[in-house]
Amino acid sequence: MSDKQNLSRKITLLGILTALCTVVRLVVIPLPNVQPVTAILMLVSLNWSVGAGLVLATLTMLVSNLFLGFGLWTVPQIAAYLVCILTVGVMQKFLPLKQHLWLQILLCTALGYEYGWCVSLGLAILGSAPAFWPYWLSGLLFDTYHAMGNLVFYPLLAPVLSKLLQKYLTKSLN
């Protein structure tokens, strides 16, 4: 497969994954902060690359916010996901994440809290939140919803999405 075809397949995959993340983010609106986006981003980062995870996170937040609305919160949302993906990249260097599903589940659950902390910090820095600590503490329940959603979604998605990504990417490289 030529380099152009390989690049086209990767761009296509990013487009499909962006659409998937956007749709699931919109479908689960009635459940506050419960969404499989964090799990998908982590799986892409582990099975493809941190760079692909960063691009997917940015595209997902931009495209989904076309429907959900843009505001000052969009920048901290993107930044929070970038921090989460970089955390996955760093943890992958120090822990045998790919060999242990339970470590992946634990990390993905923790990312729910990390994401909320980063968004709260970003909004406090931008002046949209009155003060960091009260704002973050008031959102802790929603961060818990996010973490528990990750705890449920990750083990459901990991076997299927990991296999599909590896199959698609292996085919792209050949």
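Restricting attention to segment 52-70 and to residues that are of a type in the set (S, T, N, Q) and surrounded by fewer than 20 Cβ atoms within 10 Å (Cβ to Cβ), the residue that is nearest to Ile11 (Cα to Cα) turns out to be Thr58. Looking across segment 113-168 at every residue that is touching a Ser or Thr at 6+ places or on another chain (Cβ under 8 Å) and not in a helix (DSSP H, G or I), the one that is modelled with the lowest pLDDT is identified as Ala129.
Taking the criterion of being surrounded by fewer than 16 Cβ atoms within 10 Å (Cβ to Cβ) and either closer than 22 Å to Trp48 by Cβ or touching an Asp or Glu at 6+ places or on another chain (Cβ under 6 Å) (or both), the residues of segment 146-161 that qualify are Pro155, Leu156, Pro159, Val160. Here the condition is being under 24 Å from Lys10 (Cβ atoms) and of a type outside the set (Gly, Ala, Ser); of Leu137, Leu86, Leu121, Leu151, it holds for Leu86 alone. Taking (1) surrounded by fewer than 20 Cβ atoms within 10 Å (Cβ to Cβ); (2) more than 21 Å from Thr170 (Cα to Cα) in turn, Ser49 satisfies each apart from (2).
Taking the criterion of being over 15 Å from Phe153 (Cα atoms) and surrounded by 16 or more Cβ atoms within 10 Å (Cβ to Cβ), the only residue of segment 94-112 that qualifies is Leu97. Selection of segment 34-46 for residues being within 24 Å of Ala129 (Cα to Cα) and either without any contact (Cβ under 8 Å) to a residue 60 or more places away in the chain or crowded, with 20+ Cβ neighbours inside 10 Å (or both) yields Gln35, Thr38.
The values are calculated or read from the model by the stated rules, or taken from the named source; none is laboratory data. None of these values were measured; they are calculated from a predicted model. Here the Cβ is made from the backbone with ideal geometry for all residues, glycine too, and neighbour counts use every protein chain on show.
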